[in-house]
Amino acid sequence: MKKFLVALAFAAAAPVAMTASAPAALAQDKAEGEFKIPTPPEGKGQVIFYRTGGISGAALGCAVFDAGAEDKLSSLGAGKYFVLVSDPGPRSFTVKSLEAKDAMTLEIEEGETQFVRCKIKAGFMSGRADIAPSNESEFRSKYKTAKLVDADDMSAEVKAMNYPQ
Amino acid sequence: MLLLQAAAPEITQSGENPAVDAIPAEAAPDAAPHTATEVLLPKATPVVIAVDKEVGSKISVAGEMFPIRLAQPVELDGVSLLPAGITGEGQVVHAKKAGMAGSAGELILAARYLDYHGRRIELRSFKFIEEGDEILSRGKNNVDLASATNAAIGPLGFFISGGNTTIAPGTLASAKTKNDETFAVPAETAAAPEEVK
């Protein structure tokens, strides 16, 4: 009987507890949705690399390199982003996957923020990473909950830009 | 000479034709050495330009130059400094044709300069003036369709192509001046807006 009363008490309290926690969750979502784009430092430009979530290629990373470099800048997991601050001028990037690589050149502009989206597209044996130019409107509409790439998945330079001490 | 500083300049751009074109910077001092005023157009002043040639992810190559035109006059405190219609060049920074597996064609452009009576007004920060969800720097992306096809009927989705992007002549874009630029204008022209106040 005692167990029955305890179970009844939990059952009665559960809806109240769930209702009470709902506003907090919504507030958190709202706060995350209001992603504030940082201003690039004086004399610099910046690029926000991002990858939306989704089932397609979710297990694969999208490793971003400076063209010709052996060490990656960072690797985008599903739903993640990172910011790259750069001197103005043309700068080329590649993304690599098992089957192929994709490349893109940007004109980094002083004081400007540019957006690059990575997607994992279909391949014969596995997914292929693909980077393409994007814009702030698409970033905000398709990327509701911005999550920064983990610090240990960034080069030291990019880590310093995204996780300032 | 009075140098009008750009502490709080009112920079306006209108679609109307300017009533008075700016006096050529190099000609003004000779014509009226004692009545000309230097006006500073600060760097990062926004300008509206039009792409004057068809460029696209399929038809253009990186490095290619293309003609641009100033679509709206640049005015500072009511004084027209750069008239609409002056021409210059932009450059294709990146062009990639649409590919297999739904990947879209890509096109990234840069504004380089406007030519004003032989003087180069350098530009930067090219950006298409886009409406709605349109992304002119990218064609139609069919990656999701290709992935869904792969999941449903096997690797045929790999052969679904994305769309290319083509920029028609006359497409508007914004850019900014790269450097501070000074223009010599008749003193009475520069002073006119203040007299109205």
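Suppose we filter A:Glu99, A:Glu34 for residues that are away from every other protein chain (no Cβ under 14 Å) and modelled with pLDDT under 90; which single one remains? Can you show your working first?
Details: A:Glu99 fails: away from every other protein chain (no Cβ under 14 Å).
Testing whether each residue is away from every other protein chain (no Cβ under 14 Å) and modelled with pLDDT under 90 leaves just A:Glu34.
I need the full set of residues from the range B:77-101 which are in contact with a Lys or Arg (Cβ under 6 Å, 6 or more places away or on another chain) and at positive phi, in order please.
Answer for the range B:77-101, where residues must be in contact with a Lys or Arg (Cβ under 6 Å, 6 or more places away or on another chain) and at positive phi: just B:Ala101.
Within the range A:85-144, track down each residue that is of a type in the set (Gly, Ala, Ser) and touching a strand residue (DSSP E or B) at 6+ places or on another chain (Cβ under 8 Å).
Just the residues of the range A:85-144 that are of a type in the set (Gly, Ala, Ser), to begin with: A:86, A:89, A:92, A:97, A:100, A:103, A:111, A:122-123, A:126-127, A:129, A:132, A:134, A:137, A:141.
Scanning the range A:85-144 gives A:Ser86, A:Gly89, A:Ser92, A:Ser97, A:Ala100, A:Ala103, A:Gly111, A:Ala122, A:Gly127, A:Ala129, A:Ala132, A:Ser134.
Looking at the range B:104-116, is at least one residue out of contact with any His (no Cβ under 8 Å at 6 or more places or on another chain), at pLDDT below 90 and not β-branched (Val, Ile, Thr)? Can you show your working first?
Of all residues in the range B:104-116, those out of contact with any His (no Cβ under 8 Å at 6 or more places or on another chain) come to B:104-105, B:109-116.
Next cut, at pLDDT below 90 only: B:104-105.
With the extra rule that they be not β-branched (Val, Ile, Thr), the set shrinks to B:104-105.
Yes, the range B:104-116 has at least one match.
Can you find even one residue in the range A:121-140 that is modelled with pLDDT of 90 or more, of a type outside the set (S, T, N, Q), closer than 13 Å to A:Gln46 by Cβ and surrounded by 22 or more Cβ atoms within 10 Å (Cβ to Cβ)?
No, the range A:121-140 has no match at all.
Whether any residue in the range B:120-135 is among the charged types (D, E, K, R), crowded, with 21+ Cβ neighbours inside 10 Å, at pLDDT below 95 and over 30 Å from B:Ser80 (Cβ atoms) is what I want to check.
no
Looking for whichever is within 27 Å of B:Lys176 (Cβ to Cβ) and either surrounded by fewer than 18 Cβ atoms within 10 Å (Cβ to Cβ) or modelled with pLDDT of 90 or more (or both) here; the options are A:Glu110, A:Glu70. Which one fits?
Working: A:Glu70 fails: within 27 Å of B:Lys176 (Cβ to Cβ).
Exactly one of A:Glu110, A:Glu70 is within 27 Å of B:Lys176 (Cβ to Cβ) and either surrounded by fewer than 18 Cβ atoms within 10 Å (Cβ to Cβ) or modelled with pLDDT of 90 or more (or both), namely A:Glu110.
Among the strands (runs of 3 or more DSSP E) contained in the range A:68-155, which hold 3 or more residues that are in contact (Cβ under 8 Å) with a residue 60 or more places away in the chain? Before the answer, list the steps.
On the way: elements: A:72-76, A:80-86, A:89-96, A:101-108, A:113-121, A:128-134.
Hits in the range A:68-155: A:72-76, A:80-86, A:113-121, A:128-134.
The values are calculated or read from the model by the stated rules, or taken from the named source; none is laboratory data. Predicted, not measured: the structure shown is a model, and the values here were computed from it. All Cβ positions, even for glycine, are placed from backbone atoms using ideal geometry, and neighbour counts span all protein chains on display.
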